[in-house]
Structures are given as C-alpha cells and as structure tokens.
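A quick write-up on the structure given underneath.
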Amino acid sequence: MENQVNVDHAMPEGPLPAKTAAPDFTLHTTPDQSVSLKDFIGRPVVMAFYPADWSPVCGDQLALYNELHAEFSRFNAALLGISVDGIWCHNAYAQNRKLHFPLLSDFEPKGAVARKYGVYRQNDGICERALFVLDPKGTIFWSYVSPIGVNPGADGILNALESLASQEASK
C-alpha cells in the first residue's frame, strides 16, 4: 500500500488569529535534538515560518532577525525559524549564515506544524512567509503573512513585542 498523506479537513484556512491558543509541537533542531513549543512557556516566542533555506528573500529575512537577536532578547523573546527543509539543510544553512537562533525542521510529516498554524502552501509544498508572536502563556498575540516574495522585515514583530510588554506590565 502506498503512503498517503492524511489531510485533516479541520485545519485552519489561513493563519491562526490573535487570541488563539498556539498549537504545541515538537520539531528537530538537529538529528538527535528537538524543541517543543511548551519549552518556552513563561516567555514570549517569535515564530518565523519561511519557505526555504538558501532562497534570497529568506536569506535576507533570517539575516535581519539574526542581527536583531539582541533586540528580541531585550523582551526575553525566544526566536524560532521554521520551514519544511530537512535537518541537515538547516544545519548547513545556520552554520553558513552564523545564525544564533534555532531552525526547526517541519519536514516529516511534511508541513504538519505549518498546517496547524494555517500557513502551509499545499500546491507548492512549502510554508508561507508567516510570523507569529506568542505571549508567555502560549497564546497568539499577533500574526502576519507576508507575500511569499517579500521580506516582512521586523517592525511588526518589534511593535508586537513592545505592545505585549506594555500589556504584561500593566497587569
């Protein structure tokens, strides 16, 4: 019997909106290490879904986030890059670009996490260029999907982190 991809028809159509509980996941960062979203409960999380390692727009986007890593850390935010590329590709790319944040492999089953977040491009076999900022409880605070060929920059992320910090401080 051939392997078949079972697509859950209850998956969201479009990115999960703010105030939605972020679906937990566990993805590999290396062949023998993995990261779970629940590991970051208690601090904000920036999740950057991107189409592919080694593509020009993704390279610019991830290089920008790497340069701003200290700024994200100022908000105690964890930064996670996620694509459907394999672990070995991620490792080579991260080493080549000297990235200081983990790249998570949503490789097998392909795009399973991107599907949960409503940002998998079924016809292309890649994920959208999508950003999510989660609050310390694991709820989506802000989300944005950029056109696939456009680097979304970091202004939206930084604005969301500043708003989140203000909201948390007023509690």
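The values are calculated or read from the model by the stated rules, or taken from the named source; none is laboratory data. All of these numbers come straight from a predicted model, not from anything done at the bench. A quick note on method: Cβ atoms are made from the backbone with ideal geometry, for glycine too, and the neighbour counts reach across all protein chains shown.
Note on the stretch 116-139: among residues that are under 26 Å from residue 167 (Cα atoms) and among the charged types (D, E, K, R), the one that is farthest from the chain's Cα centre (by Cα) is 137. Scanning the stretch 107-150 for residues that are assigned to a loop (DSSP other than H, G, I, E, B), in contact with an Asp or Glu (Cβ under 8 Å, 6 or more places away or on another chain) and on the phi < 0 side of the Ramachandran plot yields a total of 5.
Within the stretch 79-109, the only residue that satisfies the criterion of being buried (at least 16 other Cβ atoms within 10 Å of the Cβ), without any contact (Cβ under 8 Å) to a residue 40 or more places away in the chain and charged (D, E, K, R) is 85. Would you mind stating whether residue 10 is among the aliphatic types (A, V, I, L, M) and modelled with pLDDT under 95? Taking the combined requirement at face value, the residue satisfies it.
Selection of the stretch 40-57 for residues being free of Cβ contacts under 8 Å to residues at least 40 places away in the same chain and exposed (fewer than 13 other Cβ atoms within 10 Å of the Cβ) yields 54, 56.
Each row is one residue, and each column tells you yes or no for (1) of a type in the set (Val, Ile, Thr); (2) touching a Phe, Trp or Tyr at 6+ places or on another chain (Cβ under 9 Å).
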{"position": "94", "(1), (2)": "no, yes"}
{"position": "112", "(1), (2)": "no, yes"}
{"position": "130", "(1), (2)": "no, yes"}
{"position": "133", "(1), (2)": "yes, yes"}
{"position": "137", "(1), (2)": "no, no"}
{"position": "160", "(1), (2)": "no, yes"}
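A count restricted to the stretch 113-171 and to residues that are in contact (Cβ under 8 Å) with a residue 24 or more places away in the chain, small (Gly, Ala, Ser) and more than 22 Å from residue 70 (Cβ to Cβ) stands at 7. Of all residues in the stretch 11-43, which are touching a Leu at 6+ places or on another chain (Cβ under 6 Å) and either aromatic (Phe, Trp, Tyr) or part of a loop (DSSP other than H, G, I, E, B) (or both)? Correct list: 22, 24, 25.
Of the set (1) assigned to a loop (DSSP other than H, G, I, E, B); (2) acidic (Asp, Glu); (3) more than 18 Å from residue 35 (Cβ to Cβ), all apply to residue 168 but (1).
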